[in-house]
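Step one of this worksheet: look at the structure below.
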Amino acid sequence: MKIGLFIPCYVNAVYPEVGVATYKLLDYLGLDVDYPLEQTCCGQPMANAGFEDKAIHLAEQFDHIFDAYDYVVGPSASCVAFVREHHPDLLKKEGHVCRTSSKTYDICEFLHDIVKVDKLPGRFPHKVSVHNSCHGVRELHLSSASELNIPPFSKVKDLLSLMEGIELFEPAYVDECCGFGGMFSVEEPSVSVCMGQDKLRNHIQTGAEYITGADSSCLMHMQGVAKRENLPIKFIHVTQILASGL
Amino acid sequence: MSTKHTKAADLFIENKEQQVWHNKTLHFVRDKRDKMAMQLPEWEVLRETAHKIKMHTITHLDHYLDLFSTRAEANGIQVHWAKDAEEHNQIVYEILQSHKVRKLVKSKSMLAEECHLNPYLIDKGINVVESDLGERILQLLNEPPSHIVMPAIHLKRQEVGKLFEEKLHTEKDNSDPTYLTRAARAHLREEFLTADAAMTGANFGVAETGDIVVCTNEGNADMGTALPPLHIVTMGMEKVIPNLQSLSVFIRLLARSATGQPVTAYTSHYRKPREGCEMHLVIVDNGRSEALSNEDHIQTLKCIRCGACMNTCPVYRRSGGYSYTYFIPGPIGINLGMLHAPKEYYDNLSACSLCYSCNNVCPVKIDLADQIYKWRQNLDSFGKADPMKKVMSEGMKFMFERPALFRTGLKMAPIVNHMPRPLIYNGLNDWGKGRELPQFASESFAALWKKGKVSAANQKRSNHEQ
Ligand code: SF4
């Protein structure tokens, strides 16, 4: 099984360690992992801001670069959701059938649904609050959305539970938006920061030492608020916890 | 980079105490809705069914409107058709005039609000009295509603107490809710007894029977229509549904979604005029038939105005109903405003982080967030895109389409980490308001990969294991 590693632009620049952890996990599981160097960005930042036309060529680029792989796997639920939900429509405008969107996975759903990982080495003896990101929950269905009357589940918590010693928590208003929202964060900074502060308070109230999640973008936003306000909480991506024993 | 919504939200948030209270109050309503929704195992089936019934009805609207109006007429109701707000107001006024009406009691109607009916009638000398408590409070304050179901939700009881003290001469500093409600009731009773006509909106029009169904919690619609000899109903043409069986689906969803009640206190069916009285029904288009032919936005016509999308919206809760420029706020208001007059109401499009919670609470499954996303794509085509956002998007496009340039960018990025603070956190940096910037890594993932450091990380592990 050949895996194309999709490292979204900001993970590449700000959180390379999340990319490394993702690689480690996939490699540990015996998969053939490659990182095509020509990749850049999925186009979500422009599209959510209202400039989908500027994302079309990037979607083409993406489809071309990852076409050769059996699966495309990335550590960012929101970017994966964009590829899955929007790339086919973008490419349709160019008369191009999208070949990669249906085989593109967030690392958590890939480990949970495709590889069906049921054990991982390592201990993580810490209190961790799980951040259920909007696109992870409501687009990729990494966990059951709080609005819906469906049986509760959480793929992220299932995976994290494989680590010995970990104590998992979830904040009040379990999947309320943290206020990042891409360009929203700078167009509506007051509301965005206010949402971030509220979200952080709810995470901190669980008594956790760490906030973890499948979306580094939410973590980046909350980290920015926490740092400004000197709040006592650390941030770590799910893959970093899962790979901590490798 | 800011819209009218951004600026209004800034002001709302500045009053931290009010913001926190507003957020909590509305979230409490969402919690009540959740509790109700979770008690019905068939909740998601109900939503899906409601969606299908509405889609079916609005795509066969000519048939159902024909049936509905024929039945209503056969029942003795006089039916009028209004193509827009102006025609609606004229029709209502003519009916009132022909009955020499001086005082009209009204129950809550978002359509009347949409048509600006009150100022129109007041201008013509008619005394219009809102009979829904929240609406009456706002009328006394001369303010518009800030929420479609709980129009005065932004007001605290102390503020209402002060207002009543002044207008209804209640006791000084008494803001006990029961006391205030009793005072309002006594005052409204007088208005009910002396009204010449009543007006209601319509939650549903049942095609099969010609019934007009009105849901209220205060019984004010019933009180209003029970006394005077004239009842006018104003109804958007998308409110028609096929039959009583489909009504049962919506009734189960409406109050649960709106306020977390199993059902509203009153669900009134109006089928025909009372003995010796007249009943008129005004069916309004006002842009709805245009929405019907708009594939991307047709789903807004499914809306049953429950307000659940507002209560769940993290932006609405923290910026308040008045931060939006359209009279309906929140996710549905953003969309309805755009359908109504995009060049006038595009400012509200910024009020969305695309969290998709609204899609999930909506009892008729309107794709609210997807539609906001689509509207944003159109802004540029009519010259209303934010220039700064455009430049940023163009810049990103330029860089991301050039992988080598992107990798150079990655290499240069860490320089930002070492730039002097005032240069980064200046007035131009909207991120810097309340947040620190992320630190760029000294080596990007791409650089690590190229140097073989990523696989080396695992090499170490294998060596270690050997
Ligand atoms: S869009 Fe849906 S949730 Fe919002 S008011 Fe209408 S029916 Fe209710």
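The values are calculated or read from the model by the stated rules, or taken from the named source; none is laboratory data. Keep in mind the model is a prediction, meaning the values are calculated, not measured. A quick note on method: Cβ atoms are made from the backbone with ideal geometry, for glycine too, and the neighbour counts reach across all protein chains shown. Accessible surface areas use protein heavy atoms only, side chains included; no ligands, DNA or RNA. Shrake-Rupley method; radii C 1.70, N 1.55, O 1.52, S 1.80 Å.
Structure above, values below:
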| item | result |
| --- | --- |
| Leading residue by the ranking (least open to solvent (accessible area, probe 1.4 Å)) among those in segment B:140-190 that are over 24 Å from B:Thr325 (Cβ atoms) and in contact with a Pro (Cβ under 9 Å, 6 or more places away or on another chain) | B:Val160 |
| Restricting segment B:227-245 to residues that are touching a strand residue (DSSP E or B) at 6+ places or on another chain (Cβ under 8 Å) and part of a helix (DSSP H, G or I), the residue that is surrounded by the fewest Cβ atoms within 10 Å (Cβ to Cβ) | B:Leu244 |
| Matching option when the condition is of a type in the set (Gly, Ala, Ser) and surrounded by fewer than 21 Cβ atoms within 10 Å (Cβ to Cβ), among A:Ala172, A:Ala226 | A:Ala172 |
| Matching residues in segment A:76-109 - criterion: being part of a loop (DSSP other than H, G, I, E, B), open to solvent by less than 10 Å² (accessible area, probe 1.4 Å) and free of Cβ contacts under 8 Å to residues at least 40 places away in the same chain | A:Thr100 |
| All positions within segment A:56-75 that are open to solvent by 50 Å² or more (accessible area, probe 1.4 Å) and in contact with a strand residue (DSSP E or B) (Cβ under 7 Å, 6 or more places away or on another chain) | A:Asp70, A:Tyr71 |
| Among (1) within 8 Å of chain A (Cβ to nearest Cβ); (2) open to solvent by 20 Å² or more (accessible area, probe 1.4 Å); (3) assigned to a helix (DSSP H, G or I); (4) not hydroxyl-bearing (Ser, Thr, Tyr) - the single one B:Lys389 does not satisfy | (2) |
| When residues of segment A:34-47 are limited to those that are open to solvent by 20 Å² or more (accessible area, probe 1.4 Å) and touching a Lys or Arg at 6+ places or on another chain (Cβ under 9 Å), the one nearest to the other protein chains (Cβ to nearest Cβ) | A:Leu37 |
| Filter pass, B:Leu46 being farther than 14 Å from B:Val315 by Cα and of a type in the set (A, V, I, L, M, F, W, C) | yes |
| Extreme residue, nearest to B:Arg318 (Cα to Cα), among residues of segment B:368-385 that are open to solvent by 30 Å² or more (accessible area, probe 1.4 Å) and more than 7 Å from every other protein chain (Cβ to nearest Cβ) | B:Asp370 |
| Matching residues, segment B:355-375, being away from the ligand (no atom under 12 Å from the Cβ) and in contact with a Leu (Cβ under 6 Å, 6 or more places away or on another chain) | B:Trp375 |
| When residues of segment B:21-48 are limited to those that are without any contact (Cβ under 8 Å) to a residue 24 or more places away in the chain and more than 9 Å from chain A (Cβ to nearest Cβ), the one least open to solvent (accessible area, probe 1.4 Å) | B:Val45 |
| Any pair with Cβ under 8 angstrom, 6 or more apart, that starts in segment A:18-29 at a residue that is outside any helix (DSSP H, G or I) and ends at one that is open to solvent by less than 10 Å² (accessible area, probe 1.4 Å) | A:Leu29/A:Leu111 |
| Residues of segment B:246-263 satisfying the condition of being farther than 30 Å from B:Cys277 by Cα, in contact with a helix residue (DSSP H, G or I) (Cβ under 6 Å, 6 or more places away or on another chain) and assigned to a loop (DSSP other than H, G, I, E, B) | B:Gly260, B:Gln261 |
| Meets criteria (buried (at least 23 other Cβ atoms within 10 Å of the Cβ) and within 16 Å of the ligand (Cβ to nearest atom)) for B:Asn203 | yes |
| Where A:Leu140 falls short, out of the listed (1) in the same structural domain as A:Asp198 (by TED's automatic domain parsing); (2) open to solvent by 40 Å² or more (accessible area, probe 1.4 Å) | (2) |
| Scan of segment B:324-357 for residues that are facing chain A (nearest Cβ under 9 Å) and either free of Cβ contacts under 8 Å to residues at least 24 places away in the same chain or within 19 Å of B:Met150 (Cα to Cα) (or both), ordered by number | B:Leu354, B:Tyr356 |
| Test: residue in segment B:341-348 that is within 16 Å of the ligand (Cβ to nearest atom) and either under 13 Å from the mean Cα position of the chain (by Cα) or modelled with pLDDT under 95 (or both) | yes |
| Failed condition for B:Gly125, given (1) over 27 Å from the mean Cα position of the chain (by Cα); (2) within 30 Å of B:Lys156 (Cα to Cα) | (2) |
| Scope segment B:248-257; condition open to solvent by 10 Å² or more (accessible area, probe 1.4 Å) and within 16 Å of the ligand (Cβ to nearest atom); matching residues | B:Val249, B:Ile251, B:Arg252, B:Leu254, B:Arg256 |
| Number of positions in segment A:192-219 that are β-branched (Val, Ile, Thr) and within 25 Å of A:Ala81 (Cβ to Cβ) | 3 |
| Meets criteria (more than 19 Å from the chain's Cα centre (by Cα), within 12 Å of another protein chain (Cβ to nearest Cβ) and at pLDDT 90 or above) for A:Glu60 | yes |
| Members of segment A:110-138 that are away from every other protein chain (no Cβ under 14 Å) and outside any loop (DSSP other than H, G, I, E, B) | A:Phe110, A:Leu111, A:His112, A:Asp113, A:Ile114, A:Arg123, A:Lys127, A:Val128, A:Ser129, A:Val130 |
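Here's the yes/no breakdown for (1) closer than 18 Å to A:Val174 by Cα; (2) in contact with an Asp or Glu (Cβ under 9 Å, 6 or more places away or on another chain):
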{"residue": "B:Cys309", "(1), (2)": "yes, no"}
{"residue": "B:Pro314", "(1), (2)": "yes, yes"}
{"residue": "B:Tyr322", "(1), (2)": "no, yes"}
{"residue": "B:Ile328", "(1), (2)": "no, yes"}
{"residue": "B:Leu336", "(1), (2)": "no, yes"}
{"residue": "B:Lys343", "(1), (2)": "no, no"}
{"residue": "B:Asn348", "(1), (2)": "no, no"}
{"residue": "B:Asn360", "(1), (2)": "yes, yes"}
{"residue": "B:Val364", "(1), (2)": "no, no"}
